[in-house]
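These notes concern the structure reproduced below.
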Amino acid sequence: MKYQVVIGLEVHTQLTTNTKIFCGCSTRFGAEPNSQTCPVCLGFPGALPVLNKQVVENAILAGLATNCSITQRNVFARKNYFYPDLPKGYQISQFDLPICQHGHLDIEVDGETKRIGITRIHMEEDAGKLVHADIPGVDDSCVDLNRACTPLLEIVSEPDMRSPDEAIAYLKKLHQIVMYLGICDGNLEEGSFRCDANVSLMPVGSTVFGTRAELKNINSFKFIKQAIEYEIERQAEILDDGGKVIQETRLFDPNTGTTRSMRGKEEAHDYRYFPDPDLVPVLIPDQWIEDVRATLPELPEAKRARYVAELGLPEYDAEVLVSSRELAAYYEETVALFPQAKTVSNWVMGEVSRALNEDNNRSITDCPVTPPLLADLLKLMEKGTISGKIAKTVFDEMYKTGKAPEKIVEEKGLVQVSDTGAIEAMVDEVLKNNPAQVEQYRGGKETVFGFFVGQVMRASKGKANPALVNELLLKKLQS
Amino acid sequence: MKITRSEVEHVARLARLELTDSELDTFTGQMDGILAYVEKLNALDTEGIVPTSHAVPMENAFRPDQPAESIGVEAALANAPLRAESFFRVPKVIE
């Protein structure tokens, strides 16, 4: 039997606030276990949580960027369950009144645009971390509560995706947006952007969803695809054998590429939500929403369209340049100083990206050739001071030393030779030394022209003005 | 009956409470009485009234995103029944 997969995704994004959602403890990653804790995040009796205002602003921002409506009366709720990483015995979350609802994102797969609904976005606190520490004599589990109470936005999609590729396209888009907004560092490995996938199968043509499994513990885009693909296979086998898929939570194992049942968490599905009396309602007036809207950066989709329409860039260039906010900023800063959009695009996608890749995937914000330096280099090329080929050499030197291009050109004597007399002498020399080729050319074999150009450029150590070389060669050969 | 014995059993299990048979009987009876009493409220017409989430007439209590001192590892772990280095130590969790 043929099946159609149905996928819904829940993404937990950790916010980049300085402090936790309900207390002033730092959210810095990698500190000594339990060093960033206080009575609130340790769940000591009587401690009172107070909401971090920045979390609300970030949530509104995320909602506006994903076309959601913002809920104006928000209530926090307690989600009750027992687990050793949850000190209070409940997680403070939102239940029936999440801060954002009814949004969507448009994704593109195989050239087709598809709208993926966003059911809701809500604010909540993270749990602590269970560690199986390598401590001699300790076979127990260890708990680090530094992460407890760290602010999260849970972003829940509609079950609108029908293939692993659609799921990945949606996740990448969402990832790009939260990074653009600057509300999440997007680090999948450190768990700043975590994805749970709800996967079910139904017969092709059916409109009734099958029973779903919830896949957890997937910390890379590659693994998400693997986990969903494995799950499709697993469920299809069960259905083919006339069996029934059980609704359960399954853990992805990156070592085997498979998923396995997580028995431990099954019974806890009855969370008995109720409003948290410790936290008063959050009212968001229109003015607050508008104030946050005013801080929305230009999002990748709008940026890409503008690059094509206003700067005349090809779709491909625009797509690559907007892939991160930092790369787009670098590009725009350079274009502002050297307004030839396509030339700058070629350099940013070419030399700049290559150099950064070869340099251990160095970040663009850390590029030694800053936008003003790159613009200066391109100006030298435009003026004809250096050739395009030499410009690449100068770029490499700039990348290594951080020096200004004029200085490198001067120090290394790389100024392009546009002196007709000097080039003419080199041309004469080359023609004199290669009588056989001259004979061929005059006999009608015009392809040897390239050979002459190459010889002259070599003689000039790449510094001869190529246009002049062409011109003089033609003149001499035809005389 | 507003609540059954098996529902009380279920809620007790969720709360990690171990109840004897006689306790189950007692609590089922007591909870049934409480629910029957509260049920009187259903006689009121609450159409169009926003459910009350909080008893205090207050909203928007915020904290600025500024770090405050943490209490330190030693204080955090002072009441822990078991510790291992800087961690709380708990019975092994198998996922």
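For the range A:405-479, what value does the Rg/Rh ratio take when both radii are computed over Cα atoms and Rh is the Kirkwood radius, given to two decimals?
Numbers: Rg = 13.5 Å, Rh = 12.9 Å.
In the range A:405-479, Rg relative to Rh is 1.05.
Under the 0.36 nm per residue contour assumption, what length would be gained going from the current alpha-carbon distance of A:ASP366 and A:LEU477 to full extension? Each step should come with its number before you reach the end.
On the way: separation 111, 0.36 × 111 = 39.96 nm, distance 5.00 nm.
Full-extension gain reported as 35.0 nm.
At 7 Å along Cα-to-Cβ for each site, give me the label-to-label distance between A:GLU358 and A:GLU229 in nm.
3.3 nm
Let me understand the range A:283-392 better: what is its radius of gyration from the alpha carbons, and its Dmax, in angstrom?
When restricted to the Cα atoms of the range A:283-392, Rg and Dmax are 16.7, 62 Å.
Could you tell me whether the range A:3-288 comes out rounded, prolate or oblate from its Cα gyration tensor? Rule is a ≥ b ≥ c as square roots of the eigenvalues, rounded for a/c under 1.5, then prolate if a/b exceeds b/c, otherwise oblate. Write out the running numbers ahead of the final one.
Numbers: a/c = 1.73, a/b = 1.26, b/c = 1.38.
Judged from the Cα gyration tensor, the range A:3-288 comes out oblate (a/c at least 1.5, b/c at or above a/b).
Between the range A:113-141 and the range A:281-321, how many Å separate their Cα centres?
Here the answer is 30 Å between Cα centres.
Report the relative contact order of the range A:302-345, percent, no decimals, based on alpha-carbon pairs under 8 angstrom and at least 6 residues apart.
Working: 28 pairs, mean separation 14.8, N = 44.
This gives 34 percent for the range A:302-345.
Taking a spot 7 Å from the Cα of A:GLU158 along the direction of its beta carbon, which residues of the range A:111-149 have an amide N less than 20 Å from it?
What the label zone holds, given the 20 Å backbone N cut-off, is A:112-122.
With r as the distance between the Cβ atoms of A:LYS342 and A:SER418 and R0 = 35 Å, compute the FRET efficiency 1/(1 + (r/R0)^6) and round to 0.05. Don't skip to the answer; put the middle values down first.
On the way: r = 25 Å, r/R0 = 0.71.
Given R0 = 35 Å and the Cβ-Cβ separation, E is 0.90.
Given an 8 Å cut-off on Cα distances and at least 6 residues of separation, report the relative contact order of the range A:66-126 as a percent.
Values: 114 pairs, mean separation 21.7, N = 61.
That works out to 36 percent.
Under the rule that a partner needs its Cβ under 4.7 Å from the first Cβ, which Cys of chain A have none?
Cysteines lacking a close Cβ partner in chain A: A:CYS23, A:CYS25, A:CYS38, A:CYS142, A:CYS184, A:CYS195, A:CYS367.
Extent of chain B along each principal axis, from alpha carbon coordinates, in Å, largest to smallest?
55, 44, 25
Give the whole-number value, in cubic angstrom per residue, of the convex hull volume spanned by the C-alpha atoms of the range A:108-222. Spell out each step's value before the answer.
Numbers: hull volume 17.5 nm³, N = 115.
In the range A:108-222, the Cα hull volume divided by residue count equals 152 Å³.
At B:ASN60 and A:LYS2, where each label point lies 7 Å from the Cα along Cα→Cβ, what is the point-to-point distance in nanometres?
5.6 nm
Okay, helix-only estimate at 222 nm for the protein assembly as shown: each DSSP H run of n ≥ 4 adds -39500 (n - 2.57), divide by all residues, round to 500 deg cm²/dmol; what do you get?
Working: 19 runs with 215 residues, N = 574.
Mean residue ellipticity at 222 nm (helix-derived): -11500 deg cm²/dmol.
Under 5 Å between amide hydrogens, which residues at least 5 positions from A:THR258 or on another chain qualify, with H placed 1.01 Å from N in the peptide plane?
Result for A:THR258 returns A:ASP253.
Beyond 11 Å, what share of the Cα-Cα pairs of the range A:87-132 is found? Please give it as a whole percent. Numbers along the way, then the final one.
Working: 776 of 1035 pairs.
In whole percent, the long-distance tail amounts to 75.
Over all directions, how big on average is the projection of the convex hull of the alpha-carbon atoms in the range A:17-149, in square nanometres?
On the way: hull surface 44.5 nm².
With the hull built on Cα positions only, its mean projection is 11.1 nm².
Rounded to whole Å and sorted largest first, what semi-axes of the equivalent ellipsoid does the C-alpha gyration tensor of chain A yield via the square root of 5 times each eigenvalue?
Computed over chain A, the values are 58, 27, 22 Å.
Mind telling me which of B:ALA78, B:ALA55, B:ALA36 comes out most flexible in a GNM of chain B, alpha-carbon contacts under 10 Å?
Answer for the Gaussian network model of chain B: B:ALA78.
Determine, for A:GLU351, A:GLU326, A:GLU125, the number of other Cβ atoms within 10 Å of each Cβ, and report the residues in order from fewest to most.
Values: A:GLU351 19, A:GLU326 15, A:GLU125 26.
Least crowded to most crowded, the residues run A:GLU326, A:GLU351, A:GLU125.
Run the quick spin-label model on A:ASN255 and B:THR46: label points 7 Å from Cα toward the beta carbon, then report their separation in nm to one decimal.
My value for the distance between the label points is 5.2 nm.
Which whole-number percent is the relative contact order of chain A (Cα, under 8 Å, 6+ apart)? Before the final figure, lay out each step's value.
Numbers: 829 pairs, mean separation 65.8, N = 479.
It rounds to 14 percent for chain A.
Taken together, the values in this text are just the output of simple stated rules run on the coordinates, not laboratory data. As the structure is a computational prediction, the values presented were derived from the model and not from experiment. Please note: Cβ atoms are built from the backbone with ideal geometry, for glycine as well, and neighbour counts cover all protein chains shown.
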